[in-house]
Amino acid sequence: LHLLSRRQRQMCIRDRPLASLFEDEAYSTKGTWTSVEFAAASSNGNYIRYWHQNNTNEKVKVYLYRTDKSTTTFVSSMTVEANGQNSKVYYNSTAGSGTYKIVVEAYVSGGTVDGDVAAAQYKTRPST
């Protein structure tokens, strides 16, 4: 960290999540994988960044759902290329008090989902 410029250090610190909400390996041979529910904390901000490393030879879709009060609401999605990675930031003025789950779908073939998935929470918009 000490070898970075002041601006680089500030950006590195700014992009640090206040809370790592969820990390897991996503693996399924049935076309979709669904995470356990995980909760954000209002004191950690209203930006939720979710990420997926796709270890398959086909594109997948990754969905973020809000699961508050026994309702499930779709809030965001992204596509991840074959053997690639991607992240997306979801913002809502009440996002910090939500409960969420991530779904990864092998939508091309309905085959294998394989890779890592994570979600983190920020007070300011992180870079994607």
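Readers should treat all values here as calculations from the given coordinates under stated rules, not as data from a laboratory. Nothing here was measured: the structure is a model prediction, and the numbers come from that model. Cβ coordinates were reconstructed from backbone atoms using ideal geometry, including for glycine residues, and neighbour counts include every protein chain displayed.
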Among residues of the stretch 34-80, those that are of a type in the set (Phe, Trp, Tyr) and more than 24 Å from residue 110 (Cα to Cα), counted: 2
Go through the stretch 77-128 and give me each residue that's on the phi > 0 side of the Ramachandran plot and under 13 Å from the mean Cα position of the chain (by Cα). 115
Tally, over the stretch 28-51, of residues that are part of a loop (DSSP other than H, G, I, E, B) and of a type outside the set (Ser, Thr, Tyr): 8
Reported set for the stretch 25-36 where residues are loosely packed, with under 15 Cβ neighbours inside 10 Å and under 14 Å from the mean Cα position of the chain (by Cα) is 25, 36
